[in-house]
Amino acid sequence: MLCAPAIAAARPEFEVADIVRDFGEAFRRTHVVTPDQAEVLRAIVACRTPALGGHLDVCASCGLERPSYNSCRNRHCPKCQALAQAAWVEGREERILPVGHFHTVFTVPDVLHRLAAFRREDVFDLLFRTAAETLRELAQRHLGAELGVTMVLHTWTRDLRFHPHVHAIVTAGGLALDGFEWRSCGEYLFPVRVMGALFRGKFLAGLRGLHARGVFATFGDFRDPQAFDRMMAKLAKKRWVVYAKRPFGAAAHVLAYLGRYTHRVGISNHRLRARSGDLVTFATKNGAVETVSGVEFLRRLAQHVLPKRYVKIRHYGLYASGNVDTKLARARALLHSLPPPIEAPLREHEDDPGRPAWKNQLERLTGTDVDRCPQCLVGTMTSRPLPARVDSS
């Protein structure tokens, strides 16, 4: 995949790649770096550099010439997500239902963070499964229906600390269990306290199952035989908070909103604020910033590298792949007979049918026309092979 040159027009003063170059060696000397983490750090450094090859972009109007280097396509790279997001949104357009959707967030308490870091895949899988089961059970109980759900895993806070949670985009209604009608759920999904209590019960039951199978046998915190039971008792007393936002938008708005979550990484280059000596400053939230050493920045960044091939975007209920041609198709047919939700304008211009769909998607999502010359803003950029490198030796 080749990078889109215009995306870099507002390139920040320095990037995550620069921090990896400057502090990567010190980080590797002082921390245990997994093969997956090492691969991600290498990809971030190589992304859009001559190391990956590329082509020459030439403006037919003003004559601007500049190299455009290939992207690393790593899902953790802050420079590769705009194109990946556009392609993903394009692929989901035919599946999203023309109804409002809720944004719901399921979070595990901080008591579980060390355990989640120790057995990532097991705890992350449990988080996905119990969140989906919570929504499914409540939909059957309160609506007698099956929802459409898309979930994406995030593991970070704005200051890059470890904080596993899943964002769920949930249809504002579902297909009746007998398949003969669409049942809307109105302004609210389900009571958040009920969701939190049910989610807690299911998650704790899942933890007991994992513990009984010996999944946590080598976890240092459980060397004391009573430690697991103490942790479970503490978790049972906590109120587990589930966040739910009112339904928003129609299909196009849902996709644009969801795309921002599916391809978000722990930190973007545009949140980096300053670099002085061995310190890095980056924006957190509400106008605040945090300053840490370059090595600490990389430690925080690396802890959010997911295991290779781990699926961080999952679909449930009507949106599950096994239901696309059956229940999802039935729900869509039923919804055609209902008044459609109000579709506010999402774009300022019509798509150009003469160019690839991903370019149109990218322009709608980011406002970037990858074919427009960033210098004269009039000409169209065309691709040519990079000039052959001359060996001065």
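All of the numbers you see were taken from the coordinates with simple rules; none came from a lab. Bear in mind that the values here come from a model prediction, so they are computed numbers and not experimental data. Reconstructed Cβ throughout: ideal geometry from the backbone, glycine too, with neighbour counts over all protein chains shown.
Say the dipole of the chain comes from +1 at the beta carbon of Lys and Arg and -1 at that of Asp and Glu; which of 63, 242, 41 then lies farthest toward its positive end? So the residue furthest toward the plus end is 242.
When the chain is treated as a GNM, springs tying every alpha-carbon pair under 10 Å, which of 183, 300, 213 comes out with the largest mean-square fluctuation? Between 183, 300, 213, it is 213 that shows the largest mean-square fluctuation.
Taking amide H as placed 1.01 Å from N in the peptide plane, the amide H of residue 101 sits under 5 Å from that of 172, 248, each at least 5 places away or on another chain. Summing charges over neighbours of residue 316, with a neighbour being any other residue whose Cβ is under 11 Å away from its Cβ, gives +1 when K and R count +1 and D and E count -1. Taken over the chain, the alpha-carbon convex hull comes to 186 cubic angstrom per residue. Placing +1 on each Lys and Arg Cβ and -1 on each Asp and Glu Cβ, with no other charges, gives the stretch 118-226 a dipole about its Cα centre of roughly 340 debye.
Would you mind putting 157-163, 257-263 in packing order, based on average other-beta-carbon counts within 10 Å, highest first?
Result, highest mean Cβ count within 10 Å first: 257-263, 157-163.
Shown for 44, 267, 313: other C-beta atoms within 10 Å of each C-beta, ranked fewest to most, produce the order 313, 267, 44.
At 7 Å along the Cα-to-beta-carbon direction for both residue 94 and residue 42, put a label point, then send me their distance in nm to one decimal. Distance between the two pseudo-spin positions: 3.7 nm.
Summarising the label geometry, the points placed 7 Å from Cα in the beta-carbon direction at residue 313 and residue 264 lie 1.5 nm from one another. Each of 229, 369, 122, 224 was scored by other Cβ atoms within 10 Å of its Cβ. Listed from fewest to most, they are 224, 229, 122, 369.
Relative contact order of the chain: 28 percent, from C-alpha pairs under 8 Å at least 6 residues apart in sequence.
With K and R counted +1 and D and E -1, the other residues having a Cβ less than 14 Å from that of residue 126 yield a net charge of +4. Each stretch of four or more DSSP H residues adds -39500 (n - 2.57); spread over every residue of the chain, this sum gives -11000 deg cm²/dmol at 222 nm. Taking only Cα atoms and a 10 Å spring cutoff, compute GNM fluctuations for the chain and point out the largest among 265, 58, 108. Highest fluctuation of the listed residues: 58. Note on residue 158 and residue 177: the extension gain reaches 2.8 nm, defined as 0.36 nm multiplied by sequence separation minus the Cα-Cα distance. Choose one answer from 54, 174, 322: the residue with the largest mean-square fluctuation in a GNM of the chain with alpha-carbon springs under 10 Å. In this elastic network of the chain, the residue with the biggest mean-square fluctuation among 54, 174, 322 is 322.
Write down, largest first, the equivalent ellipsoid semi-axes of the stretch 90-222 in whole Å, where each equals the square root of 5 times an eigenvalue of the alpha-carbon gyration tensor.
30, 17, 13
Does the stretch 41-161 come out rounded, prolate or oblate, given a ≥ b ≥ c as the square roots of the eigenvalues of its C-alpha gyration tensor, rounded meaning a/c under 1.5 and, failing that, prolate meaning a/b above b/c? Oblate shape, in that a/c is at least 1.5 and b/c is the bigger or equal ratio.
Positive end of the dipole of the chain, charges at C-beta (+1 Lys, Arg; -1 Asp, Glu), about the Cα centre: which of 167, 77, 321 has its Cα farthest in that direction? My answer, from the dipole projection, is 167. Taking the centroid of alpha carbons for each part, the stretch 24-90 and the stretch 196-210 are 39 Å apart.
Under the convention that each Lys and Arg Cβ holds +1 and each Asp and Glu Cβ holds -1, the size of the dipole of the chain around its Cα centre is about 1280 debye.
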